[in-house]
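Okay, so here's the structure we're looking at.
The values are calculated or read from the model by the stated rules, or taken from the named source; none is laboratory data. Computed from a predicted structure; not experimentally measured. Cβ atoms come from the backbone with ideal geometry, glycine included; neighbour counts cover every protein chain shown.
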Amino acid sequence: MNTTDTLLWVVYPYLSIVVLIGGTIWRYRYDKFGWTTRSSQLYETTVLRWASPMFHFGVLFVLIGHIGGLLIPKSWTEAAGITEHAYHLMAVFVGTVAGLCTLIGMALLIARRRLTGPVFAATTKNDKAMYVVLAGVIVLGLWATVKANIAGGGYDYRETVSPWLRSLFYFQPDAQLMAAVPASFKIHVIAAFALFAFWPFTRLVHAFSAPLGYLTRPYVVYRYRDPRPGLRPTRPGWDRPAAPADRPRRTR
Amino acid sequence: MRVMAQVAMVMNLDKCIGCHTCSVTCKQAWTNRSGVEYVWFNNVESRPGQGYPRTYQDQEKWQGGWVRTATGRLKPRAGGRVKKLFSIFANPKMPSMQDYYEPWTYDYEHLLTAPAGNDFPVARPKSLLTGQATKVTWSANWDDSLGGGNEVLAADPILQKVSDQVRQDYEKAFLFFLPRICEHCLNPSCAASCPSGAIYKRAEDGIVLVDQDRCRGWRMCVTGCPYKKIYFNHRTGKAEKCTFCFPRIEIGQPTICSETCVGRLRYIGLMLYDADKVAKAAAVKDEHDLYDAQRSVFLDPHDPAVARAALAAGIPEDWIDAAKRSPIWDLIMKYEVALPLHPEYRTMPMVWYIPPLSPVVDVLRDTGHDGEDPHNLFGAVDALRIPIDYLAELFTAGDPEPVRAVLNRLAAMRSYQRRINLGEKPDTSIPAAVGMTPEEMNDMFRLLAIAKYEQRYVIPAAHAEDAHRLEQLGTECSLEYDGGPGMYQTGPFGEASGTPVPVQVETFHMLRERQTSDGFTDAGDEPRRVNLLNWDGNGRPEGLFPPPRDPGAGGGATDGPGVIDEDRP
């Protein structure tokens, strides 16, 4: 195991994850107001109407595929009676459909962003950089899959990449596992960790606020004004007045 | 019984002259920023007209509000929770910028920099979305006062419902104005549509607000609100809406739209209601019953049992007292002249309207009748220039009876007061004909015609008054105007990210004190103020200059030009 391997497959992923977690916490504390989808639907609906669901549902399936392929050990699926061949067929089929949806949706969205005047005017430098990284990861991933499948019977990353990734999670990183992985997969992994590190500092944070709580909450939300006077948190150097003690208050 | 308090408004449409002062002052107060150029928390629509955004009342198209399911429950018309989540990536029923209008400015710079030539330079319109030259084709009030004629008016969704009876011939044309703010509904469908739970109803006063820190820009509220009074800030990616000027309400001041209303047509007061009854009342089967159903959830603050329950529910004593004096209670429940806007949306709106009586007297006089005779008047209410059916589609889900009753009362009041005004003997049969006593009719006249500021706005202060004395935060830096040093003040993640900059401009309390007191309002202010208007320029009046600094503090010159010799008499 040489230094490069250690740097690429141990130090770099950990750094990236630390930045992802730390950055997200910091962003949430510092910038709740900027935590939004920054939707451009108001400017343009026709293309968005098709492209955005295509991209988002595609990318959600891709995410599920990655969880299935990377986090669930091969031994488990085999214990469940799914052969490597069956798994591979399914992964390639579902993965290709989801990947194509993602790719087409993304292409349409980027074209829309460039060609619709108001949408382009509302695009920040940060957005542009984010698009490059995000598109890079997606294209590299598709390319790695396509290349491996055209060249031969596909590459069984569940023997190498998956155990390596899991080894990161239980803090016994094994860089050796990545040594023999094809270059196309290596590049995809490196790009993905770059995306993770960049994630908290882009509009992509909206993915973390997927509103699943909506399914269980009552329709109308009531909120009491803060029992402490004033509606906003105290700024440094601002003294709080004491709350009027005689006010009867309901418990929340 | 779960007693809750709601700040509510009633607008008397007979008095609205369509001057748009409310819209302008509201805009200056709340939406004078980039990203919300097209946003009008308060707008004044001409009726008939398409409204803002265009044809928003057509719920077949925009899918706002609630719908009653076969099982008698309510669900948002645009779909329940699961459907909302599945359509979250592109809201299928959201108005686009074209349904509002593309905001623009003018290229004023060109007026100053254009080279000398034969033609006068002109300031061309430029889109505020793209910065490119644009053509102005629509705006917030493009169809003001029937502008655009039949071509535009034909698209009025309300007119379409009643159009077979209503002609828009020039000599039959009718017009009235409808000022609109957020309805601060008892059963808000915007809040119900918000996946993030960022829109909430304040338990203390019922004001519906958007938590800007929790809004994630999913845009479902824009669809959910049938009145289209939630707007999407396209720069910050957050929903914004009318706040009922809560910082003013909290210290007992009326909203800015009410404060500046030229016609004094707005009334603000408290309503107590039974929160347990809201869901059932909003789900009554027949749309025509919704008006009465909503009235049935209101609780009479004069009833000792209600007052006790309100106290037990944590509503302060002075609030219950304010609810007793509420002009809203009188207009809705006592005189029964105020009606809700579109009760059929089932959101239980809390901004109500007194329908316009329109020039009924003139119409009668022209036909040779005594326009002030009450019996002629009642008959003529049905022949009003503004068709009752049109008003009914706005205020009572199409049921003409409540509208007719209101207009009869207004007409009766007019006839009754005319006799008194002319020194004739009051005809007590007139109030009796509309089910009122002469005293009630007189009180109603006073409230509608000559109520003073304190009678029109009965607003108890919130019980955290002191907070605002100490804390006054602006969300935008005062130097952030176009070209200013703080322009595009943004965090690293795009428009307006980061925490807001605290700006101590002026507290609302100071403003109120200065507006309402006769003397100096700032303790220690007296010696420093001089009335320059009656100073003849001679001598140096006391207090023209600030008091001397502590000589021991040191620093600065003590002699020379510009230094005031404090010892000189």
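Please verify whether B:Y231 is within 11 Å of chain A (Cβ to nearest Cβ), assigned to a strand (DSSP E or B) and touching a residue at least 12 places away in the same chain (Cβ under 8 Å), treating the condition exactly as stated. Answer is yes for this residue. In segment A:193-213 there is at least one residue matching the filter, namely being crowded, with 16+ Cβ neighbours inside 10 Å, within 30 Å of B:G131 (Cβ to Cβ), among the charged types (D, E, K, R) and touching a residue at least 60 places away in the same chain (Cβ under 8 Å).
Do we have A:L70 as under 19 Å from the mean Cα position of the chain (by Cα), over 30 Å from B:P103 (Cβ atoms) and buried (at least 16 other Cβ atoms within 10 Å of the Cβ) here? In short, yes. For segment A:206-223, a residue qualifies if it is more than 11 Å from B:L85 (Cα to Cα) and touching a helix residue (DSSP H, G or I) at 6+ places or on another chain (Cβ under 7 Å), and the qualifying residues are A:F208, A:Y219, A:V220, A:V221.
Restricting the first member to segment B:112-133 and to residues that are more than 30 Å from B:Y100 (Cβ to Cβ) and hydrophobic (A, V, I, L, M, F, W, C), and the second to residues that are surrounded by 11 or more Cβ atoms within 10 Å (Cβ to Cβ) and at pLDDT 90 or above, the beta-carbon pairs closer than 8 Å and six or more apart or on different chains are B:A114/B:P121. Filtered by the rule that a residue be surrounded by 14 or more Cβ atoms within 10 Å (Cβ to Cβ) and assigned to a loop (DSSP other than H, G, I, E, B), segment A:1-33 gives A:D31, A:K32, A:F33.
Among the residues of segment B:2-57, those that are part of a loop (DSSP other than H, G, I, E, B), farther than 27 Å from B:M333 by Cα and within 11 Å of the chain's Cα centre (by Cα) comprise B:W40, B:F41. Selection of segment B:235-248 for residues being touching a Ser or Thr at 6+ places or on another chain (Cβ under 7 Å) and more than 9 Å from chain A (Cβ to nearest Cβ) yields B:F244, B:C245, B:R248. Checking B:D370, B:D362, B:D318 one by one, the residue that is modelled with pLDDT under 95 and farther than 25 Å from B:S429 by Cα is B:D318 and no other.
Residues in segment A:46-55 that are buried (at least 19 other Cβ atoms within 10 Å of the Cβ) and facing chain B (nearest Cβ under 7 Å): A:L48, A:S52.
Among the numbered conditions (1) at negative phi; (2) in contact (Cβ under 8 Å) with a residue 12 or more places away in the chain; (3) of a type outside the set (G, A, S), the only one that B:R264 does not meet is (1). Count of segment A:73-96 residues, restricted to those that are of a type outside the set (V, I, T), assigned to a helix (DSSP H, G or I) and surrounded by fewer than 16 Cβ atoms within 10 Å (Cβ to Cβ), is 10.
Just one of the listed residues (A:V94, A:V19, A:V59, A:V11) is in contact (Cβ under 8 Å) with a residue 40 or more places away in the chain and over 21 Å from B:P195 (Cβ atoms), namely A:V19.
Summed over segment B:57-67, the residues that are touching a Lys or Arg at 6+ places or on another chain (Cβ under 7 Å) and either on the phi > 0 side of the Ramachandran plot or not polar (S, T, N, Q) (or both) give a count of 6. Scanning segment A:99-108 finds no residues that are in a loop (DSSP other than H, G, I, E, B) and crowded, with 20+ Cβ neighbours inside 10 Å. Kindly establish whether B:R202 is of a type outside the set (G, A, S) and either over 21 Å from B:V44 (Cβ atoms) or crowded, with 24+ Cβ neighbours inside 10 Å (or both). Taking the combined requirement at face value, the residue satisfies it. Take the conditions surrounded by 18 or more Cβ atoms within 10 Å (Cβ to Cβ) and either at pLDDT below 95 or over 25 Å from the mean Cα position of the chain (by Cα) (or both) and apply them to B:S415. Does it pass? The answer is yes for B:S415. Listed by position, the helices (runs of 4 or more DSSP H) contained in segment B:247-310 that have at least 2 residues being more than 21 Å from the chain's Cα centre (by Cα) and within 19 Å of B:L331 (Cβ to Cβ) are B:290-297. Scanning segment B:274-328 for residues that are in contact with an Asp or Glu (Cβ under 8 Å, 6 or more places away or on another chain), under 24 Å from B:R456 (Cα atoms) and aliphatic (A, V, I, L, M) yields B:V297, B:L299, B:V306. Restricting attention to segment B:377-412, the residues that are part of a loop (DSSP other than H, G, I, E, B) and either small (G, A, S) or surrounded by fewer than 19 Cβ atoms within 10 Å (Cβ to Cβ) (or both) add up to 5.
Which condition number does A:F198 fail, the rest of (1) more than 14 Å from chain B (Cβ to nearest Cβ); (2) part of a helix (DSSP H, G or I) being met? If we test A:F198 against (1) more than 14 Å from chain B (Cβ to nearest Cβ); (2) part of a helix (DSSP H, G or I), just (1) comes out false.
Residues in segment B:132-146 include at least one that is within 14 Å of another protein chain (Cβ to nearest Cβ) and touching a Ser or Thr at 6+ places or on another chain (Cβ under 8 Å).
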